[in-house]
Structures are given as structure tokens and as C-alpha cells.
There are 2 protein chains.
Amino acid sequence: MEPINVFKALSNETRLKILEWLKEPEKNFPKQGAHLPKDVSYKGGVCVGDIQEKAQISQSTVSSYLNMMQKAGLLESIRHGQWTYYRRNEEFIQELAKYFKTEI
Amino acid sequence: MEPINVFKALSNETRLKILEWLKEPEKNFPKQGAHLPKDVSYKGGVCVGDIQEKAQISQSTVSSYLNMMQKAGLLESIRHGQWTYYRRNEEFIQELAKYFKTEI
DNA sequence: TTGACATATCGAAAAATCCAGATATATAAT
DNA sequence: ATTATATATCTGGATTTTTCGATATGTCAA
């Protein structure tokens, strides 16, 4: 775990919002599921396009944000067809909260 | 509380170290107290010069770092004579850990 | 296999951050 | 009053971040 990279990832309004939105995907991305194939249950995963629409920033920006957050450990992703679904890496985030409590 | 500013303040190796050093001031700044007047008991406060020496960065940089961390809420300071003593704002940091646990 | 769509990567301009030296200010000592 | 010391503020060049449009890649559908 690289705390500096985590904090950098969290140092941006949009990225912080994305992380919060992904806590309640079905609430914040209601139309999600339209293209989510039934045979897949990537619980909580939201595709890039839906996140972009909600965040109101360019496609390239949202893509690199998500990549950055994933590299920091905050998110995980899976590709399904032409969609990439991102969701929170709750295990990592839990460790992070522990780190925060004990080390900060 | 402005989480973004907190995360920005934490997004730097030196500032992160300072925050950690200040968890155990008497251990990390052993000579501290030489100029700390007896009649003052600013528990845990360390003066700018001592922090600068330990961090090995310029005086102006350490001063603005400390100011930034204080504005973010992480530190608090008190002036005593020609010295400014900085220490952790534990109350704020505790709230922060709570915020982190519940909001992140 | 061609076209359409989702996402990733590239390249660049603008803005922000980093960090130092120079200078200003506040306090203490003489 | 003058000088010395600690800290704060100012200025600015170097580096990094932000964010976009353009382009590339991967996948599905016709």
C-alpha cells in the first residue's frame, strides 16, 4: 500500500465523488443494468460511460481517473464485452481505514 | 472539515513524515525542550527550526508546509517568544479517522 | 468484414504544486 | 536603539496535475 498515491487519488473533488457514488451503485446509477448481462453478477460494478455521464467530465478524463484510482488500490475492475465495470475494492479500503486510524 | 485539503496535505512524503514524527515528539525531537521555557507546558509542541532540521528542507518550505497542515486542520500552533510550536490536532485527527471510516 | 460503440491511450495547453532563496516581521538580548 | 534569532511571507522557476480532443484498440452486431 502506497499511502501517498491513495491520498493523491483522494485529492480531487470528482474522484472523491466517484468513490462515494460507488458505495451505493444502484442508487446513484439507477439505469445501470440495462447492458449488464444477466449471467454476470459483478456486484456493484458500474461501467465507465455511466460514471462519465454522472461526473460530467470527458471520457478520457474519467477513464484515466478510474485507472489512477485502481492503481492506488481503491477500485477494481472487470471487463465484460465492450464494457469495463468498476467497483470499490472494499477489502483494500477497509485496510486503509485501519491504516488511517493507527498510522495517521 | 474540508477533506480535499486534508488529502492534499497528506499527499506529500515530507508532510506525512512530519505528522508521524509529531506523534512522538520527545522521541523524534530529543533535544526539544532546550528552549522550551519551564513555565509553559505546550505538550507535544515542537518548534519550526527543529522540524526543519529533521526534515532537511528549507526554512521557508517547512514554514509553509506547517501552515498548510494547520489550515487543513491537522496541526495547531502556539507562539511563545520567538518560537512557534506546532503539534497535532488530535481531536481533529480523531474526527478525521471517523470520517474516513464512515464516508470513504 | 464492416460499422458502431465502449474504453484506453496519446499529446498538449493551462493550472496548480513544489520548493528554494530573498526579504519582511516579530521577539529577545545587549 | 541595535543586533541577533526564529518564523512568515514573497517571488519565481521547475515540475506535476488537470483536463481535453484526437486517435487507437477491443468487442459486438449486421
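What follows is calculated from the coordinates using simple rules that are stated; it is not laboratory data. Small disclaimer: the values here were computed from a predicted structure and weren't measured. In this analysis, Cβ positions are derived from the backbone assuming ideal geometry, glycine residues included, and neighbour counts consider all displayed protein chains.
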Worksheet item: Once you average over the residues of B:92-102, how many Cβ atoms of partner chains fall within 10 Å of each Cβ?
Response: 3
Worksheet item: For the Cα atoms of chain B, what angle does the longest principal axis make with the long axis of helix B:59-72, in degrees from 0 to 90, nearest 10?
Response: 40 degrees
Worksheet item: For the protein assembly as shown, what log10 I(q)/I(0) values come out of the Debye formula at q = 0.17 1/Å, with one point per alpha carbon and no solvent?
Response: -1.08
Item to complete: Compute the acute angle (0 to 90°) between the alpha-carbon long axis of helix B:90-103 and the principal axis of greatest extent of the alpha-carbon atoms of chain B; round to the nearest 10°.
Response: 20 degrees
Worksheet item: Residues of A:57-64, mean number of Cβ from any other protein chain within 10 Å of their own Cβ, rounded to a whole number?
Response: 0
Worksheet entry | Helix-only [θ]222 nm of chain A, DSSP H runs n ≥ 4, -39500 (n - 2.57) each, per residue, nearest 500 | -15500 deg cm²/dmol
Worksheet item: How long are the three semi-axes of the equivalent ellipsoid for segment A:3-103, computed from the Cα gyration tensor as the root of 5 times each eigenvalue, in whole Å, largest first?
Response: 23, 15, 12
Response to the item:
Length-normalised contact order of segment A:3-103, Cα under 8 Å, at least 6 apart, in percent, tallies to 27 percent
